[in-house]
Amino acid sequence: QVQVVESGGGLVQPGGSLRLSCEASGRIVEIDEMAWYRQAPGKQRELVAGITSGGSTNYADSVKGRFTISRDNVKNTVYLQMNLLKPEDTADYYCNADVLFYSSTGYTRKDYWGQGTHVTVSS
């Protein structure tokens, strides 16, 4: 009923930039918070940045000043602009969306995750 798909990962040198995108599609009525999480090998998944439908943002201390989260509510898309990337930013990045959608059983609110996109920061 709802799909969440990330794109934009890849290999980048330290100090470089990448822009991740995540689009939610389906019978969406509205999306409250959208967020980016990441998980490095052997570590727990952690919140990177979140943004509400009204545009309020929050960031992990480790990315403040380097990453910027934004969203397009018309396109149901959230972006993560990552600048001054460091090797420790290497991880699988996942999009999360708090979605209200309509189905045959009525209105339902549910958390959706994308499949992840990998970012490698290395020289």
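Data for the structure
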item	result
Å² per residue, accessible surface of the chain at 1.4 Å	53
Geometric extent, Cα atoms of the stretch 50-103 - Rg, Dmax (angstrom)	13.0, 43
Of 97, 41, 12, farthest towards positive along the dipole that unit charges on Lys, Arg, Asp, Glu beta carbons give the stretch 1-109	12
Reciprocal mean inverse distance between Cα atoms of the stretch 1-53 - Kirkwood radius, Å	13.3
Cα coordinate range in the chain, projected on the principal axes (Å, largest first)	51, 26, 22
Sulfur and carbon atoms: percent of accessible area, the stretch 1-104 [1.4 Å]	45
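The values are calculated or read from the model by the stated rules, or taken from the named source; none is laboratory data. Just so it is clear, the model here is predicted, and its values are computed rather than measured. Backbone-built Cβ (ideal geometry, glycine too); neighbour counts: all protein chains shown. Keep in mind that these areas ignore ligands, DNA and RNA; they rest on the heavy atoms of the full protein, side chains included. Shrake-Rupley method; radii C 1.70, N 1.55, O 1.52, S 1.80 Å.
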